[in-house]
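Step one of this worksheet: look at the structure below.
Values in this text are rule-based calculations from the coordinates and carry no lab data. What you are looking at is a predicted structure, and each value in this text was computed from that prediction instead of being measured. Glycine also receives a Cβ, built like all others from the backbone with ideal geometry; neighbour counts cover every protein chain displayed.
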Amino acid sequence: MPKAVVVHQTGGPEVFSYEDQEVGRPGPDEVLMRHHAIGVNFIDTYFRSGLYPWKGNKPIIVGAEASGEVLEVGEKVAWLRPGDRVCYTLPNGAYCEARLVKASQLVKLPDSISHETAASTLLKGLTVHYLLHRTFQVKPGQTILFHAAAGGVGTLAGQWASQLGATIIGTVSTEEKAKIAKANGYHHTINYRTENFVERVKEITNGQGVDVVYDSVGKNTYPQSLHCLKRLGMWVCFGQSSGLIENFELQHLAQNGSLFATRPTLFNYIATREELEDSSAALFDALEKGILKTTIHQRFKLEEAAKVHELLESRQTKGATILIP
Ligand SMILES: NC(=O)c1ccc[n+]([C@@H]2O[C@H](COP(=O)([O-])OP(=O)(O)OC[C@H]3O[C@@H](n4cnc5c(N)ncnc54)[C@H](OP(=O)(O)O)[C@@H]3O)[C@@H](O)[C@H]2O)c1
């Protein structure tokens, strides 16, 4: 029987349990898929801890991106067959050896892209794509601030934004992470543990501030992120690695220069099949052209998921992390 990392009761990384898991046969619109590589993302910690409510069947299986091969297809699935290489990003369910997935949620993986690359870039790369191209369109000559620049999303954001001709400032918590951010396209880095990042942003931009702040840190960078923006700038709050923001008030946007604010999530940006296909095509194109390169800094076995979450939540990971079933 295939194995899965399951959660019976939400809590810390220690709640993960590596168990046999019945998978079953595919329904008419489904595919039975075997995972070759599974991506680790911060969202996995939100479902494991209970920060994000679980609406599915129990036990909970977290994990939001994976790549692998089709084992069996349902009777209505005409465009896939056993042996095809496919990948997906879904809010959860990926920390397992095999699973059922709706065919409409899968994307065919080009031969030039490995399972490890797909599992480490699909969710993060699609996120960077919508953040830089759709939530706010980054243009040459603009300056952007991206928090957690050496992380999974942060490293890909640096690579992609530098190709768009923007000046990119990234925050990091260590000197080693500063070097990683620089190697991934950031022009300036700020250690937000030891430096006042608002003052440093003002220095770097000659007092102007930045056009957009991409903030996934949340609690610990609010409201300072707003103070880094130009008049009419955009605050994109897309995560909360340090905890939920509890003191946001609409009035803060007026006080800091008639700012714009949004709280986007990837799954709203790939809600239709057309959006999923267009965004995936843009991501695969960027990977094939070398605009994006994966940086898998941590590679663990599936059963080591608890160790991985400990490292992720204590800020010890860099770049992307994958689990190998
Ligand atoms: N809305 C969306 O569509 C979407 C999609 C993907 C990801 N996200 C969000 O983007 C963020 C990055 O995701 P990721 O998977 O690539 O993770 P990651 O950036 O690899 O890891 C999180 C990083 O956040 C920083 N951080 C700052 N304060 C922290 C704290 N108190 N605890 C833990 N980390 C802290 C750390 O970098 P430093 O040590 O350098 O501070 C840490 O390495 C997450 O918040 C995630 O939820 C959102």
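Observations, loosely collected:
- For the chain, the share of alpha carbon pairs falling in successive 10 Å distance bins from zero is 6, 27, 34, 23, 9, 2, 0 percent.
- Residues Glu313 and Lys293, FRET efficiency given R0 of 25 Å [Cβ-Cβ distance, rounded to 0.05]: 0.45
- From phi via Karplus (6.51, -1.76, 1.60), per-residue ³J(HN,Hα) for segment 178-192 in Hz, x at Gly/Pro: 4, 5, 5, 4, 4, 5, 10, x, 6, 7, 9, 10, 10, 7, 7
- Dividing the alpha-carbon radius of gyration of segment 192-325 by the rule-of-thumb value 2.2 N^0.38 Å gives 1.28.
- Segment 140-263 - percent relative contact order, Cα under 8 Å, separation 6 or more: 21
- Gain upon complete extension [Lys76, Ala254; 0.36 nm per residue less C-alpha separation]: 58.8 nm
- In this simple spin-label model, placing a label point 7 Å from the Cα along the Cα-to-Cβ direction at both Asn206 and Thr272 gives a separation of 4.3 nm.
- Alpha-carbon centroids, segment 225-295 and segment 6-82: separation in whole Å: 26
- Gyration tensor verdict on segment 1-69 (Cα atoms; rounded if a/c is under 1.5, prolate if a/b is larger than b/c, oblate otherwise): prolate
- Using the average count of surrounding beta-carbon atoms within 10 Å as a protection proxy, the listed peptides 207-214, 154-161 rank, highest first, as 154-161, 207-214.
- Remark: for residue pairs Lys55/Lys124; Lys182/Lys301; Lys55/Lys177, the C-alpha separation exceeds 26 Å in Lys182/Lys301; Lys55/Lys177.
- Computed E for Arg263/Ala183 - FRET, C-beta separation, R0 25 angstrom, nearest 0.05: 0.25
- Largest GNM mean-square fluctuation across Gln251, Gln224, Gln21, computed for the chain with C-alpha springs under 10 Å, falls on Gln251.
- Backbone HN-Hα couplings from phi across segment 123-138 [Karplus 6.51/-1.76/1.60, Hz, Gly and Pro as x]: 5, 5, x, 5, 5, 4, 4, 6, 4, 8, 10, 10, 5, 9, 8, 6
- Potential lengthening between Asp29 and Glu246 on full extension [0.36 nm per residue; Cα-Cα distance subtracted]: 74.0 nm
- Distance cut-off 22 Å, percentage of C-alpha pairs in segment 140-263 lying past it: 27
- Distance between the 7 Å Cα→Cβ label points at Glu304 and Lys139: 4.7 nm.
- Of all beta bridges that DSSP places with both ends in the chain, some 55 percent have antiparallel geometry.
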